[in-house]
Amino acid sequence: LRSYLRDESSRLRRLRRFYEKVQALHQDPEASVDNPLLAFSLIKRLHSDWPNVIYSDEATSNTQALHAGLREVEQELPGTEDLDGAARALMRLQDVYALSVKGLANGVFQRAGHPPLYSPGRRASLSADDCFHVGKVAYDTGDYYHSIAWLEEAVSLFRLSYGSWNLEDRSSLEDALDYLAFSYFMAGNISHALSLSREFLRYDPSNQRVSRNVAKYKKLLEMGMGARGRWDWQGCHGPPALLSPPDALLGPPSPQAAPEQLRHLACSYETNSSPYLLLQPAKKEMVQIQPYVALYHDFITDAEAETIKGLAGPWLQRSVVASGEKQQKAEYRISKSAWLKDTADPVVRALDQRIAAVTGLDLRPPYAEYLQVVNYGLGGHYEPHFDHATSTKSPLYRMKSGNRIATVMIYLSAVEAGGSTAFIYANFSVPVVKNAALFWWNLRRNGNGDGDTLHAGCPVLAGDKWVANKWIHEHGQEFRRPCSADPQD
């Protein structure tokens, strides 16, 4: 684009010089066509110079160069899935952190009556066209709760700038009014749908589809439908979809920790009877007793974290989840991940040794999975889930090493806001602590899954969240974490 602007600016400067020269000739009272040289130059200018300027190939050539430049990088540019995913990420942040759409459009990350969750150094606001696209993504999936909020903001911003034109905009006030009216209709507010449709017709009175909708809305209101009610929407025409807004998934909160449990929530230096940790003990913070969750501070160095991110970067792909006996992409897990063998780099091998020393567990193949490196980008999250398999048909059992007995999750980066690991039923969360490792047992000593380990990765509000997961399986740990005398333990 910079190259195109430079070439076009040069072309326009030459065009202006030509114009100024011609203008000067026409305004010069001494420039009489009695002079045969002036007469010749006038005839030539009118016969060939002007057509040459008008039909110059230079403008076309500049545009073609711009298009060719785009084609060279087109495969690397975000696609429709990326753009729609980013729009859904904004809606996710809106819901999870109770942010107002108007505030987001103004670059403010704040819920009513609370201090800002995140204050960027440079505030970035959204345009009317930006808000329209977010609302349109919600509309296309039948999510009228979100489409109304975002399209309302789009309409408000378009009204403020009506009559002006932005080069990059693909939508207009009429578009926003059209989609917002039908969203209100589908949500049950017929009177407001009618009002917005009438406003639309002031700008585009010849639109037959909206005119028919207005007639339908009037008829429904005359039938006593009021502001809300049930009706047959088949007579009104928009592109409606039939999906309802997603339900929030919240678990019942557990009671607060008893005083005797709080005594054990302390920090300590741990060697775990391992020679590996004698000279540099692990910095352990007990986060929770039930489920057992511990945070090991300064578990890796900055250099090690950067090495692991660099190794995983070229192999990152959209994360998948277990679905029956298969694995597939899912909207409830938005991230990219890659797997690293311990042979990938000495840093990965050293990390495996450190995990084995801290946990006291056997990580030799096939008792543990490869290191999974995960990147959570814009609004990246993982809805409530268990790390251990809840069905013997799960792909986890293909390793023939039992269920996942424990999880070690290493924070490879810091984030500015959001991204906490929330344990839903246990009712607590752990924020992102750069270079720390979070450890918990997925299974009880009797081999049953621990229901209190239901956890989620909260959406990243600001920043770039990187984690590395190490899942350790129950086979090979029989004498390292033996059963207790109590079969219920």
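Numerical summary
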quantity: Any chance Ala422 is outside the structural domain of Tyr97 (by the TED database) and open to solvent by less than 10 Å² (accessible area, probe 1.4 Å); calculated: no
quantity: Output for segment 381-429, where each listed residue is touching a His at 6+ places or on another chain (Cβ under 7 Å) and small (Gly, Ala, Ser); calculated: Ser401, Gly402, Ala422
quantity: Set Asp28, Asp49: member being in contact with a Phe, Trp or Tyr (Cβ under 9 Å, 6 or more places away or on another chain), of a type in the set (D, E, K, R) and more than 30 Å from Gly69 (Cβ to Cβ); calculated: Asp49
quantity: Qualifying position, being hydrophobic (A, V, I, L, M, F, W, C), open to solvent by 30 Å² or more (accessible area, probe 1.4 Å) and more than 20 Å from Val293 (Cβ to Cβ), among Leu396, Leu378; calculated: Leu378
quantity: Condition broken by Asp175, with the remaining ones in (1) in a helix (DSSP H, G or I); (2) touching a residue at least 40 places away in the same chain (Cβ under 8 Å); (3) open to solvent by less than 40 Å² (accessible area, probe 1.4 Å) satisfied; calculated: (3)
quantity: Complete set of residues in segment 363-375 that are of a type in the set (D, E, K, R) and surrounded by fewer than 18 Cβ atoms within 10 Å (Cβ to Cβ); calculated: Arg364
quantity: Arg88 being under 30 Å from Val134 (Cβ atoms) and part of a helix (DSSP H, G or I); calculated: yes
quantity: Any pair with Cβ under 7 angstrom, 6 or more apart, that starts in segment 348-368 at a residue that is hydroxyl-bearing (Ser, Thr, Tyr) and ends at one that is open to solvent by 30 Å² or more (accessible area, probe 1.4 Å); calculated: Tyr367/His475
quantity: Segment 451-469: number of residues that are touching a Leu at 6+ places or on another chain (Cβ under 7 Å) and open to solvent by 10 Å² or more (accessible area, probe 1.4 Å); calculated: 2
quantity: Total residues in segment 216-226, condition open to solvent by 60 Å² or more (accessible area, probe 1.4 Å) and in contact with a helix residue (DSSP H, G or I) (Cβ under 9 Å, 6 or more places away or on another chain); calculated: 2
quantity: Flag if Gly142 is free of Cβ contacts under 8 Å to residues at least 24 places away in the same chain and either assigned to a helix (DSSP H, G or I) or not acidic (Asp, Glu) (or both); calculated: no
quantity: Helices (runs of 4 or more DSSP H) (entirely within segment 1-67) containing at least 1 residues that are open to solvent by less than 60 Å² (accessible area, probe 1.4 Å) and touching a residue at least 24 places away in the same chain (Cβ under 8 Å); calculated: 2-27, 50-54
quantity: Count of residues meeting criterion [β-branched (Val, Ile, Thr) and closer than 14 Å to Arg6 by Cα] in segment 52-70; calculated: 1
quantity: Strands (runs of 3 or more DSSP E) (entirely within segment 378-489) containing at least 1 residues that are over 21 Å from Lys309 (Cβ atoms); calculated: 381-385, 404-411, 421-423, 428-430, 437-441, 455-457, 465-473
quantity: Hey, Gly103 touching a Gly at 6+ places or on another chain (Cβ under 9 Å), outside any loop (DSSP other than H, G, I, E, B) and either at negative phi or not assigned by the TED database to the domain that holds Val134 (or both) or not; calculated: no
quantity: Residue pairs meeting the criteria (Cβ under 6 Å; at least 6 apart or on separate chains; first under 13 Å from Phe185 (Cα atoms), in segment 207-222; second not small (Gly, Ala, Ser) and not in a helix (DSSP H, G or I)); calculated: Asn213/Cys236; Lys216/Cys236; Leu220/Trp231
quantity: So His192, is it closer than 19 Å to Ala89 by Cα and open to solvent by 10 Å² or more (accessible area, probe 1.4 Å); calculated: no
quantity: Positions within segment 301-338 being modelled with pLDDT of 95 or more and open to solvent by 10 Å² or more (accessible area, probe 1.4 Å), in sequence order; calculated: Thr301, Asp302, Ala303, Glu304, Glu306, Thr307, Lys309, Gly310, Leu311
quantity: Test: residue in segment 247-261 that is open to solvent by 90 Å² or more (accessible area, probe 1.4 Å) and modelled with pLDDT of 60 or more; calculated: no
quantity: Some residue of segment 340-354 being buried (at least 20 other Cβ atoms within 10 Å of the Cβ) and modelled with pLDDT under 95; calculated: no
quantity: Qualifying residue in segment 68-91 (condition: open to solvent by 90 Å² or more (accessible area, probe 1.4 Å), acidic (Asp, Glu) and under 21 Å from Arg11 (Cα atoms)); calculated: no
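Residues are listed down the side, and each one gets a yes or a no for (1) in contact with a Ser or Thr (Cβ under 9 Å, 6 or more places away or on another chain); (2) open to solvent by less than 40 Å² (accessible area, probe 1.4 Å); (3) free of Cβ contacts under 8 Å to residues at least 60 places away in the same chain:
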site: Arg111; (1), (2), (3): yes, no, yes
site: Pro116; (1), (2), (3): no, no, yes
site: Arg122; (1), (2), (3): no, no, yes
site: Asp130; (1), (2), (3): no, no, yes
site: His133; (1), (2), (3): yes, no, yes
site: Lys136; (1), (2), (3): yes, no, yes
site: Ile148; (1), (2), (3): yes, yes, yes
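The values are calculated or read from the model by the stated rules, or taken from the named source; none is laboratory data. Treat the numbers as computed from the prediction; the structure is a model and nothing was measured. Methodologically, a virtual Cβ is constructed for each residue, glycine included, from the backbone with ideal geometry; neighbour enumeration extends over all protein chains shown. Calculation scope for accessible area: heavy atoms of the full protein, side chains included, ligands and nucleic acids excluded. Shrake-Rupley method; radii C 1.70, N 1.55, O 1.52, S 1.80 Å.
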